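I have placed the structure first, in the form of C-alpha cells, so that the comments after it can refer back to it.
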Amino acid sequence: MKELRTVVRGSTLRISDQVRFYIDGWMVSAFLSVSAVTHYAISSRLAITFMDVIIAVTGILSPWFSLLLGRNDHEAIRRVFSLGTKVSSSI
C-alpha cells in the first residue's frame, strides 16, 4: 500500500508539473490571438531550457551531499552548499 501511495504521489507531481509549465500556451491562445502563442512559446521554451540547465548543474551536487552526510561532515556540506549556490547564481 505504501508503494502505491508513492507511485500515485509521484504521478500527481509529474502531472502537476506538466500543467504548471505548459498550460500557459493554452491560456495565451484563449485570451489573445493564436499568432501570439508562437512568440510566447519560443520564450517559454527558452525559460524551460534554462531551468533544465540549472537543474542539471545543481543535480550533480546531490550525490556529493549524500557522501558528506554519510561522513557526518556538516562543515563540508555548508561549503558545498555555498559553492552550489554561487555556481547556480552565476549561470
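Read the figures in this text as sums done on the coordinates, not as results from a lab. Note that the coordinates shown come from a computational prediction; the quantities given were computed from them, not determined experimentally. No Cβ is skipped: glycine too gets one built from the backbone with ideal geometry, and neighbour counts run over all protein chains shown.
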Considering Cα pairs under 8 angstrom that are at least six residues apart, work out the relative contact order of the chain and quote it in whole percent. 18
What is the magnitude of the charge dipole of the stretch 2-90 about its Cα centre, with +1 placed on the Cβ of each Lys and Arg, -1 on the Cβ of each Asp and Glu, and no other charges, expressed in debye to the nearest 20? 220
Would you list the membrane-span-like helices of the chain, meaning whole DSSP H runs whose alpha-carbon atoms span at least 15 Å along their axis and whose mean Kyte-Doolittle value is at least 1.0? 34-59
Using just the helices of the chain, give the 222 nm mean residue ellipticity in deg cm²/dmol: DSSP H runs with n ≥ 4 each add -39,500 (n - 2.57), and the total is spread over all residues, rounded to 500. -31500 deg cm²/dmol
Protection-proxy order for peptides 65-72, 1-8, each taking the mean of Cβ atoms within 10 Å per residue, highest first: 65-72, 1-8
